[in-house]
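All remarks here apply to the structure that follows.
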Amino acid sequence: MAEPLRTRLRGRVRRWALRRYPRSRSVTLTQNRIFILPTRAGAGFMLLLLLMLLLGINYENNLIYAITFLALGVFLVACLHTHGNLAGLKLQALRGNPCFAGEQAGFELELDHPAGRRRERIALQFERGVPLLIDLEQRNQRLELFCPAPARGWLHPGGLKLETGFPLGLFRAWTWIDLELWALVYPRPLEGELPVQQGNGHSGEAHQGQPAGSDDFIGLERFQPGMSPRQIDWKSYARGLGLQAKQFGAQRSPDLWLDLAALAGDLEQRLSRLTYWVLELSRRERRFGLRLGSQELPPEQGEHHRHEALQRLALYGRGGRG
Amino acid sequence: MSREQISRNAVILQLATFVAVLLPHLSWLPGWITLLALAMVAARLMIHSGRWPFPHWLLKLGLIALSGVGLIISFGGNTGPEAMVALLVLGLALKLLELYHRRDALILLFVALFVLATAFLFHESVWMAAYVLLVVWLLLAALCAIQQRPGRTAWLPPFQRAFALLLPALPLMLVLFLLFPRLEPLWSVQLGTPRATTGLSDSMSPGEVSELALSDALAFRVSFDGEPPPAPAQRYWRALVLSRFDGRRWHQASPAQRNRLRAEKLIAQSEPLGYEIVLEPSGRPWLVALDLPLAQARGQRLSPFRTLLSPAPVERRIQYRLASVVDYRLQPLLTRQERQHYLQLPGWGNERSRALASHWWQQSGGEPERFIRLLLEHFQRGFEYTLAPGALGRDGIDQFLFQTTRGYCEHFAGATVFLLRSVGIPARVVTGYLGGEWNPYENYLQLRQRDAHAWVEVWLQGRGWVRLDPTAAVAPERIESSTEQYFRQRGDAAFSGGRGFWLQADWARRLRQRYEAFNFAWHRWVLNYQSQQITLLENWLGGLEHWRLILALLLPGAAVLGAVLAWQLRQRLGAGPRDPLARKLQRLQRLLGQRFAARRPSQSLSAWLRTLAARWPQQRTALEQLARLDEQQRYGRESDHHLRQRMLPLVDQLLRAARAQR
């Protein structure tokens, strides 16, 4: 009975705390955002103080009174220290890193706090994520927090809880903040047959599933990020011409079109299959286009193209952030 | 989080705390508990260093069973604090073996704090208080250490943090200590097992008081209300009236006899003298008062012959306030029954003394005053006041008067009362203390057990009970000085042992007196604060109304906690960032904000700089460059330091330009 009640209460506090302040990219923890309550150990400590007071009263011993009051004073000061461990901390949302559905999405934050103070054992945790325990010693610190990404689309990690019991563990100070943080979640890749349509009416059967060719050498091209290092022409690099990539005939072969309509079945599954092939073709350094219903992504290759394709897959049929 | 493992440092701090908490109890703990506790510490150290594994549960069970049996053997049936503390110490010692998770450590430290508090049941000196304060620091450091990450190995931070916690707690403790109402015990508890204490006993036989004279133990301390203390010759502190003689010992009147005695009437003939006594535990119910108290203090009983009694043996230091007169008439009339009581003597024995007394009685013509003079003159001739009078057998008074002629105060007092009674003059032996050492630093009189004294009260027609001190006739200096001084000057053999010569030096005495004065203040203001609390608070607060007490608690409490809070948040309330670049950027924002447009809260620094670039063409490149660098610093991966080096001169240039514009 007690446990569900506590969980319910905590949920209520969380919702209330998150409602009070709008979502923002940067948050400074002020006093009125921080909740503080004694922990179970704190309750035990209060019981201990009561016992010590009884000892002092019954034996009429003033020194026992004194040590009891000293411990009470420490208890009160510890409350302020625990509070101070969070107060004044500034959080800045940096970015969310894309991931595939079913993985953990990483979110980058920057913690910033006034110099000259140590903050220890602050646990950061998204509502559904795993906690991260940190000690803050420098002025600012970047960190990456993870949160499960169950489905494709834009993912907001939910409320971020900062919690600390430092220094004595007798109090727990916590706060909920809502950071403007989004991560793009791509569909989960699913292996399967290549849903291919040769572009521009060419018959593509001959090239189906064929690994990236390395037929005839065509010429050199400026190396761009995303190209395979194997393509680098080391000889010209040695001649001081910069990084040049060798171009082969097969890469000029007719474009592949990945088409949602070419697949049958559940939409999510089809998107997953396409995702797999986007990754696979990019790995093989093949040019491909993507056709999702009315949307069309012309054939291209490279890192940027891959990202564009994955983003379209992630957001197909989904609204924006919100 | 409580199942987390604690750091290795924390384990060491826990062990240190345990040992520190154990130390004050070593003086009375049974040896086997001490040994077991130290063995557990050693075992935990072996586990700590990886040489031993954590013990099997069977071993722990065995240890628990053995300790239980040991406790029953050592303390069976005893419910005093010793048994409780011993049980807790054993529990702590065994818990050491399980010290692994944060939860175990918390329990250990909480119980250790309690055991630490119980140290005050056994020792209450200033030194102990200072020691306990240090151990509290250690304990808090241990408590901080268990909250640290298991990987941390620095020793200093937990101690620093504990200090930061402890320092503001001290004023809070002081305020609470002063204001918290002292309650009556909620249930009666057995104080520690009575220890053998020296003090006056309820009967007196030759040789008993002189034994006390060798004891340096403190008996009680008196401070007078502003007035100077009475002259040394008037410092007679009465404790017991002994009126029953069995031929060898003097006893108090039996309860049946006491019922037949009326409460003695006191007619004061001098101004009453107010004073306060702090009595050391004596294990006996009688209390001391300056010659004749006007009334008893709260919770005490006044016997018919105006001595004070506590309802229970004095097992702890008590403090009470009295008013006494040193010039008085006591009980001018005696009933026949009372007269008979104060004339009681055994029907036989000490025949030579009786014969001597009746001879003097005839000589004095039946006048008690002349009889007394004869008696005292007799003592002045050839009697010696000494601490080593030699043993007396049967007919001790005869032996003392005719053979040994050497005695301490109880010999003279006993013999005097015997002689007086044998001729029909009512008399009684009074025991208590005489004199005392004045401490000029804290203005109080200190009496030790060696100041114990016995004298006589004789009842004279028309004058009532009159004090008669035969010792004064034999050794008048004893009345004026302390026992110690008296015998030291005389070089009495029995007294010379024990003390080094250097202790007699003047500076040593002054040092000792200062130390004693400090101790007395400690006893009065701390250990016995409850008896000072009401007057003190009334003086300080001007009354004891609730609102005054609440304000007195809240104002300093809030001030201390507010100071802690301010310190916690100090950087945010302070003058701004310490970082030079951030400070200069702030100044630039202020200056350009006044000149052009202030930065809106939603605007990023770079966006704002770019809007300015449009309005301030002379500095356009600098502004744009700064905006780009700022963005790079915030979001890029380039080295922070490198970018800052490039930003600083730009900011300086803009600042100069902005100032020139004004």
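The values are calculated or read from the model by the stated rules, or taken from the named source; none is laboratory data. From a predicted model like this one, the values you see are computed outputs, not experimental measurements. Note: ideal-geometry Cβ built from the backbone for every residue, glycine included; neighbour counts use all protein chains shown.
Examine the stretch A:56-76 for a residue that is on the phi < 0 side of the Ramachandran plot and more than 14 Å from every other protein chain (Cβ to nearest Cβ), and state whether such a residue exists. No: zero hits.
For every residue, the table says whether it meets (1) modelled with pLDDT under 90; (2) exposed (fewer than 15 other Cβ atoms within 10 Å of the Cβ); (3) part of a helix (DSSP H, G or I).
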{"position": "B:PRO24", "(1), (2), (3)": "no, no, yes"}
{"position": "B:LEU45", "(1), (2), (3)": "no, no, yes"}
{"position": "B:PRO53", "(1), (2), (3)": "yes, yes, no"}
{"position": "B:ILE64", "(1), (2), (3)": "yes, yes, yes"}
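Within the stretch B:510-534, being surrounded by fewer than 14 Cβ atoms within 10 Å (Cβ to Cβ), closer than 12 Å to B:TYR441 by Cβ and not aromatic (Phe, Trp, Tyr) holds for B:ARG510, B:LEU511, B:ARG512. Residues that are within 17 Å of A:GLY56 (Cα to Cα) and small (Gly, Ala, Ser) within the stretch B:514-549 comprise just one, B:SER531.
Looking across the stretch A:31-47, the residues that are at the interface with another protein chain (Cβ under 9 Å from one of its Cβ atoms) and either closer than 25 Å to B:GLN533 by Cβ or polar (S, T, N, Q) (or both) come down to A:GLN31, A:THR39.
When the criteria are applied in full, A:GLY153 fails the requirement of being under 21 Å from A:SER26 (Cβ atoms) and more than 10 Å from chain B (Cβ to nearest Cβ).
The residues listed here are B:VAL136, B:VAL85; of these, the one that is within 8 Å of chain A (Cβ to nearest Cβ) and crowded, with 17+ Cβ neighbours inside 10 Å is B:VAL136.
Scanning the stretch A:266-322 for residues that are within 16 Å of A:ASP255 (Cβ to Cβ) and within 21 Å of the chain's Cα centre (by Cα) returns A:ARG306, A:GLU308, A:ALA309.
B:GLU457: at pLDDT below 85 and either surrounded by fewer than 20 Cβ atoms within 10 Å (Cβ to Cβ) or assigned by TED's automatic domain parsing to the domain that holds B:LEU292 (or both), yes or no?
Against the criterion (at pLDDT below 85 and either surrounded by fewer than 20 Cβ atoms within 10 Å (Cβ to Cβ) or assigned by TED's automatic domain parsing to the domain that holds B:LEU292 (or both)), B:GLU457 does not qualify.
Taking the options B:LEU90, B:LEU116, B:LEU121, name whichever one is under 16 Å from B:LEU36 (Cβ atoms), assigned to a helix (DSSP H, G or I) and in contact (Cβ under 8 Å) with a residue 40 or more places away in the chain.
Details: B:LEU116 fails: under 16 Å from B:LEU36 (Cβ atoms); B:LEU121 fails: under 16 Å from B:LEU36 (Cβ atoms).
The unique qualifying residue is B:LEU90.
If you go through the stretch B:148-183 and keep only what is within 7 Å of chain A (Cβ to nearest Cβ), more than 28 Å from the chain's Cα centre (by Cα) and within 22 Å of A:LEU72 (Cβ to Cβ), you end up with just B:ARG161. Residue count for the stretch B:230-251, restricted to those that are assigned to a loop (DSSP other than H, G, I, E, B), buried (at least 21 other Cβ atoms within 10 Å of the Cβ) and among the small types (Gly, Ala, Ser): 1. Any idea how many residues of the stretch B:27-43 are in a loop (DSSP other than H, G, I, E, B) and of a type in the set (S, T, N, Q)? Total satisfying the criteria: 1.
With respect to the conditions (1) touching a Ser or Thr at 6+ places or on another chain (Cβ under 9 Å); (2) within 30 Å of B:LEU183 (Cβ to Cβ), A:LEU91 lacks only one, and its number is (2). Being crowded, with 19+ Cβ neighbours inside 10 Å, more than 45 Å from the chain's Cα centre (by Cα) and either within 23 Å of B:LEU242 (Cβ to Cβ) or not hydroxyl-bearing (Ser, Thr, Tyr) (or both) is a description that applies to B:PRO368.
No other residue among B:TYR441, B:TYR486 is touching a strand residue (DSSP E or B) at 6+ places or on another chain (Cβ under 9 Å) and modelled with pLDDT under 85 apart from B:TYR486.
Under 7 Å by Cβ, and 6 or more places apart or on different chains, what pairs join a residue from the stretch A:78-97 that is in contact (Cβ under 8 Å) with a residue 12 or more places away in the chain with one that is aromatic (Phe, Trp, Tyr)? Within 7 Å, the pairs are A:ALA78/A:PHE171; A:CYS79/A:PHE171; A:THR82/A:PHE166; A:THR82/A:PHE171; A:ASN85/A:PHE166; A:GLY96/A:PHE107; A:GLY96/A:TRP182. May I ask you to verify whether A:GLY44 is surrounded by fewer than 20 Cβ atoms within 10 Å (Cβ to Cβ), closer than 28 Å to B:ALA130 by Cα and in the same structural domain as A:ASP178 (by TED's automatic domain parsing)? It is true that A:GLY44 is surrounded by fewer than 20 Cβ atoms within 10 Å (Cβ to Cβ), closer than 28 Å to B:ALA130 by Cα and in the same structural domain as A:ASP178 (by TED's automatic domain parsing). Pick out the one residue from A:ARG19, A:ARG12 that is part of a helix (DSSP H, G or I), exposed (fewer than 11 other Cβ atoms within 10 Å of the Cβ), at pLDDT below 85 and not polar (S, T, N, Q). Result: A:ARG19 is the single residue among A:ARG19, A:ARG12 that is part of a helix (DSSP H, G or I), exposed (fewer than 11 other Cβ atoms within 10 Å of the Cβ), at pLDDT below 85 and not polar (S, T, N, Q).
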